[in-house]
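The values are calculated or read from the model by the stated rules, or taken from the named source; none is laboratory data. Since the model is a prediction, treat every value here as computed from it, not as a measurement. So basically every Cβ, Gly included, is an ideal-geometry build from the backbone, and we count neighbours across all protein chains shown. When the accessible area is computed, the model is the full protein with side chains, heavy atoms only, and any ligands, DNA or RNA have been set aside. Shrake-Rupley method; radii C 1.70, N 1.55, O 1.52, S 1.80 Å.
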Amino acid sequence: MGDHTESSGSGISRRKLCIAAGATGISALAGCSTSTNPSRAESAATITDHSSPDLEKWVEEVPRPGVAESSGTKDGHPRYEIEMREVEQKLHRDLPETTVWGYDGQFPGPTIEAEQGEPIYVRWTNDLPDEHLMPEDTTIHSDIIPYDTPGVRTVTHLHGGNVESESDGHAQAWYTRDFQETGPEFAKKDYYYVNDQPPATLWYHDHSLGITRLNVYAGLAGFYLLRNDHERSLDLPKGEYEIPLVFQDRSFEENGSLFYPTAVSDEQGGSDESHPDPSIVPQFYGDTSVVNGKVWPRLSVEPRSYRLRLLNGSNSRYYTLKLRQYDESSGEVGDAGPSFVQIGNDGGLLSSPVEIEDRLELGAGQRADVVVDFSEYAGETLLLHNNAPAQYRGATGSDDDIVSLPEIMLVDVGDDGNSQDASELPEELTRVPDIPVDSVDNERYLTLNGGTADDYGRQLFLLGTEAERDGLKITVPVTEEPALGDTEIWSFANRSAMSHPMHLHLVHFQMLGRQPIGDYDPAEDEIDLDALEAPEPYERGWNDVVTVDPGEVVHVIVYFGEHDGLFNDQTGTYMWHCHMLEHEDHDMMRPFTVRPNDGDADSANNSTTRR
């Protein structure tokens, strides 16, 4: 089949043509069809009348997250105890201190530095107040969440971790302060991370059912960097020249407190008296850029190469990023600056460096490991520019009436420093073995839906199957049950009017390609690899999040278990979901179970067996 993770298309992307034409959901038939008006609730459901204080930009330096230190050992392995607690933190010079929640009292939390092949234990201790910092909608999953339980529910998920199910941070494995109350899937206090996977930019964040959006918005997230000797041998920028950057959007009150909406605006149909108060909103888009816990900061660099580990830690927002020359006195954005040379993504290093000639797309939860050569921009100021509209549909530069966020961070390139050209990157970074298509055991057709409403008339996003295309709630029994050692193709078909970043726990997959939704019906068609639009450069290699734009099907191939010496065997129940946190909280999440391999020739429901 060839190297399907490293191939690239030529000419104008059919994906961009279809999205630009407005291809959406069910109406996107063969080729590119158009649907001109998505539902009003879906197109602008998160506009509010709130505006943050008018803050001067670029007044403070980007901070570097702290590094976690182990508290001892357990079974001969390092053991960390990281406490979640409420703190006051200065996010901008002109804002009063903001109350946030942080791991070890930091927003973002401390970076865990781990080594491939060396397991660690982490106890994520909940020392949060009894009352939530954000407005909590108790109608969400009220049949399975005990909202009358005292205390705040939390559970930490290592995003991208190839770990045992008991330590994965299942949404129902929550617990309150000092483990006084626990959820039905709670299994242990000390999480065990085996670290038997390629070195990568992972991250950890809260994953508690029904309030993930609120807990993460309050500050519960941090980096987890997995390293090995091979990566060190590549002589990539390191130490002060390696910088993790998490991009988030927030809104603020005049007193410095975080603002989070409690209702959809009147202008967008939020006056419906049947809506509870407070109510979940379909998406959240803040009007203020926050990078590593600072509002609209600036990053000082030397004229040399830097390794930047980029993470989209926002609730719902997409970013399409590019460095541009910038006149700070006039605010004028100029020509393109240095390009991103991508060396890795969600699951680790790419096989070879890829220069991103256009823009780098990051959906919620996605990471990009990039090298930027600033040597030709000594003494200049650069703007990290975003041209993704809030209501993202795969097209960039389009206007929307929600909350755009074009200016993310300023970069000041000094006059002096050690020059190290990005062209010195090795031609080969690592081995990324293909998952062979001829070994596929099952194909699954999984739908992304946004056209239904809950009991209060609010828009409900659901995930479906070939048999139940309109979607299933999280409480419906598991429908995806691969066996350990199975290879499967998961085909995500987006029938809604917006893009969704789809995330699978436990595994990393490889993207095969995308096609218009009308060109593929699993009941009638085989997947024609030659007809697929190839992955974008930033979609190559190992992924755990993939963007599915409206009106398209994205095919990914995944192996459940150790593959060609990479990753490790795990069984148990995990989650798959949209990583827009408001969607995840409001039923766009489903469980899947990896079964022990019993030699049974028949696999799970809602799949096409190919043995």
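Near the amide H of residue 447, within less than 5 Å, lie the amide hydrogens of 464, 465, 493, all on another chain or at least 5 residues away, with H placed in the peptide plane.
Amide hydrogen proximity for residue 299: with H placed 1.01 Å from N in the peptide plane, the residues at 5 or more positions away or on another chain lying under 5 Å are 62, 410, 411, 412. Only protein atoms count toward the accessible area here, which uses a 1.4 Å probe; on the chain, the carbon and sulfur part of that area reaches 42 percent. Here is the P(r) of the stretch 509-559: all C-alpha pair distances, binned every 5 Å from 0, give 4, 20, 33, 24, 15, 4, 0 in whole percents. Mean separation of Cα pairs under 8 Å and 6 or more residues apart, divided by the residue count, gives the chain a relative contact order of 17 percent. Ranking 555, 531, 503 by how far each Cα lies toward the positive end of the dipole of the stretch 497-585 (charges on Cβ) leaves 503 at the top.
Note that the stretch 103-111 has calculated 3J(HN,Hα) couplings of 5, 6, x, 10, 10, x, x, x, 6 Hz, one per residue in order, obtained from phi through the Karplus relation 6.51 cos²θ - 1.76 cosθ + 1.60 (θ = phi - 60°); glycine and proline are x.
Here's how it looks for residue 283: its modeled amide H is under 5 Å from those of 46, which are all 5 or more places away or on a different chain.
Accessible area per residue for the chain is 35 Å², calculated with a 1.4 Å probe on protein heavy atoms, without ligands, DNA or RNA.
Towards the positive end of the charge dipole of the chain, with charges on Cβ (+1 Lys, Arg; -1 Asp, Glu), say which of 199, 593, 121 has the farthest Cα. The Cα lying farthest towards the positive end belongs to 121. Within a straight-line Cα-Cα reach of under 18 Å, residue 57 can be paired with the following aspartates and glutamates, leaving aside sequence neighbours fewer than 8 residues apart in one chain: 94, 97, 249, 253, 254, 287, 327, 328, 332, 380, 407, 412.
Built from the Cα atoms of the stretch 323-411, the convex hull projects on average onto 7.0 nm², one quarter of its surface area. Per-residue surface analysis assigns residue 306 an accessible area of about 10 Å², computed on protein heavy atoms at 1.4 Å probe radius. 3J(HN,Hα) along the stretch 283-297: 8, 10, 10, x, 9, 9, 7, 10, 10, 6, x, 10, 7, 6, x Hz, from the Karplus curve 6.51 cos²θ - 1.76 cosθ + 1.60 with θ = phi - 60°, whole Hz, x for Gly and Pro. Of the GluC sites (Glu not before Pro) found in the stretch 516-603, the ones in coil according to DSSP and having at most 16 other Cβ atoms within 10 Å of their Cβ are 524, 526, 562. The charge dipole of the chain, taken about its Cα centre with unit charges on the Cβ of Lys, Arg, Asp and Glu (plus for the first two, minus for the last two), comes to roughly 180 debye. Magnitude of the charge dipole for the stretch 471-611, about its Cα centre and with charges confined to Cβ atoms of Lys, Arg (+1) and Asp, Glu (-1), is about 320 debye.
Of all beta bridges that DSSP places with both ends in the chain, some 75 percent have antiparallel geometry. Helical content of the chain, expressed as a calculated mean residue ellipticity at 222 nm, amounts to -1000 deg cm²/dmol (DSSP H runs of 4 or more residues, -39,500 (n - 2.57) each, divided by residue number, nearest 500).
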